[in-house]
Amino acid sequence: MLVSAALPGRRPDASAGGLGIHKIRHVVIVMQENRSFDSYFGTYPGADGIPGLAGNPGSVPCSPDPKSGRCVRPFHDTHDRNFGGPHTAVDATGDIDGGEMTGFEAQARAGLARSCGRSVDSPGCSLAPGDPDVMGYHDSHEIPNYWDYAKHFVLQDHMFESVDSWSVPAHLSLVSGWSARCTTPHDPLSCTTALSAPFGATNASGHSDLPWTDLTYLLHRAHVSWRYYVGNGNQPDCSDGEMFCPPVTQGSKTPGIWNPLPRFDTVRRDHQLGDITAVHRFYRAAQRGTLPAVSWVVPAQNVSDHPPAKITDGQAYVTDLINAVMRSPDWGSTAIFLVWDDWGGFYDHVAPPVVNGEGYGMRVPGLVISPYARTGYIDHQTLSFDAYLKFIEDDFLSAHRLDPRNDGRPDSRPDVPEDASVLGNLAADFNFSRTPLPPLILPLYPPFD
């Protein structure tokens, strides 16, 4: 990996963990789909989990069901297939319900009727249960590998979406720190914050053009290697954020919901479309010890954790990715950040903080897996996907931010989310003076109780 001299306009951030952070030479962000923190770790010991359960203080909450008149409480869901609820910005507002976190059942009922009350060629509608499952949670019986990663490495129990919305704005923020709508193609000053489609601007070809600055612009300028690995198959989500829709093919060469980088002007102008590639190349790079400095890895629907995909298949896919890194010559210098892009309509009891015009959104699971990660540590810091950008910038870019005031490329973003005062620092999840942890190789399909 080649790193140029520091970019002008910003001093290195002394809070980034000192020189120890530079022991991490490979950052791998694995983003799965559609799970709230409580739906996967709501009963994890010591975490800020569901009130009244697993020793957590308070009384067990409930969400009113407008159909049955009952108030539905969280329950242990032992099914391998879930269905969740709608997860647009409007649905987030409904679920949050003024901070009471009681709208999940009502939104799920309305979302199912909205998605399947029309002619939809989707297996999800035919498989959907009669009653919503959004108040269900899983534990070590259904997702033992995810819980094992938490026990051996770091679990983050206040990781929020950067945006208060669904997959597209979540993935835009993951790579650029912003989700926007623009009036003029190729004009980054024509953009304003947006949480619902359309995103970017429609160009002469009828496609979405994303003219604002993304992280690859800074990485390319500093000669820092990156790859965006895309699973071949179908998109994990619907283009309009609904629960169910006809399948849409996804691949590294097809810009889409989970593959926004081909639409960014910066990627095309830097001639880096070839760095958006298939997931099988990630395994090859790991095996050879040639992982890039920064990797994003996104799945296809069948292994995404997105309803109605099987939980066991998603966990097996993630475990296979992590096993590949742990077996790699690069393991000793790698940090894996495992996260889910949005809450998928599933219950969570923590009202997200209001940070800017985009979020924060709902709380999602976050894990840090690295030979330098703290062991069995629960990170209670307030975090969002912006923390990943911050860590990468601190590690590889001398703490230079995606900031149009000094990054060399103007755009009209209203703030620099990496510098939000509420945002924690991922460096706190590491102990760079420790003896590096050995790999934790787990079975792809552990017993499902």
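Across the chain, the volume of the C-alpha convex hull divided among the residues equals 131 Å³ per residue.
Computed over the chain with a Gaussian network model linking Cα atoms closer than 10 Å, the most mobile of 206, 46, 274 is 206. To the nearest 10, the accessible area of residue 23 is 80 Å² with a 1.4 Å probe.
Under conditions of 10 °C and 1.306 mPa s, segment 48-122 yields 114 µm² s⁻¹ as its translational diffusion coefficient, taking Rh as the Kirkwood radius over Cα pairs in the Stokes-Einstein equation.
Ellipsoid semi-axes for segment 165-287, based on the Cα gyration tensor and the rule √(5λ), read 22, 20, 12 Å when sorted largest first. Converting phi to 3J(HN,Hα) with the Karplus coefficients 6.51, -1.76 and 1.60 and the offset θ = phi - 60°, segment 409-415 yields 9, x, 8, 9, 4, x, 7 Hz in sequence order, with x at every glycine or proline. Rolling a 1.4 Å probe over the protein heavy atoms gives the chain an accessible area of 35 Å² per residue. Share of carbon and sulfur in the accessible area of segment 187-269 stands at 54%, probe radius 1.4 Å. Between the alpha-carbon centres of segment 298-332 and segment 388-444 there is a gap of 23 Å. When only Cα pairs below 8 angstrom with a gap of at least 6 residues are kept, the chain shows a relative contact order of 29 percent. One compactness figure for segment 334-449 is 1.26, namely its Cα radius of gyration divided by 2.2 N^0.38 Å. By the scheme Lys and Arg +1, Asp and Glu -1, what is the net charge of all other residues having a beta-carbon under 15 Å from that of residue 297? Residues close to residue 297 contribute a combined charge of -3.
Shown are 261, 112, whose ranking by accessible area with a 1.4 Å probe and every protein chain present, most to least, is 112, 261.
Quick check: with the 1.4 Å probe, what order do 21, 441 take by accessible area, largest first?
441, 21
Which one of 302, 56, 259 has the biggest mean-square fluctuation once the chain is modelled by GNM with Cα springs under 10 Å? Of 302, 56, 259, the Gaussian network model singles out 56 as fluctuating most. For segment 133-202, the orientation-averaged shadow of the C-alpha convex hull comes to 6.9 nm² (one quarter of the hull surface). The GNM of the chain, with springs linking C-alpha atoms under 10 angstrom apart, assigns the highest mean-square fluctuation among 227, 35, 405 to 405. Relative contact order, whole percent, for segment 217-277 stands at 37, derived from Cα pairs under 8 Å and 6 or more residues apart.
Rounded to the nearest 20, the size of the Cβ-charge dipole of the chain about its Cα centre is 1280 debye, with Lys and Arg at +1 and Asp and Glu at -1.
The values are calculated or read from the model by the stated rules, or taken from the named source; none is laboratory data. Note that the structure is predicted; figures quoted are calculated from it, not measured. Please note: Cβ atoms are built from the backbone with ideal geometry, for glycine as well, and neighbour counts cover all protein chains shown. The area values use the complete protein model at the heavy-atom level, side chains included, leaving out ligands, DNA and RNA. Shrake-Rupley method; radii C 1.70, N 1.55, O 1.52, S 1.80 Å.
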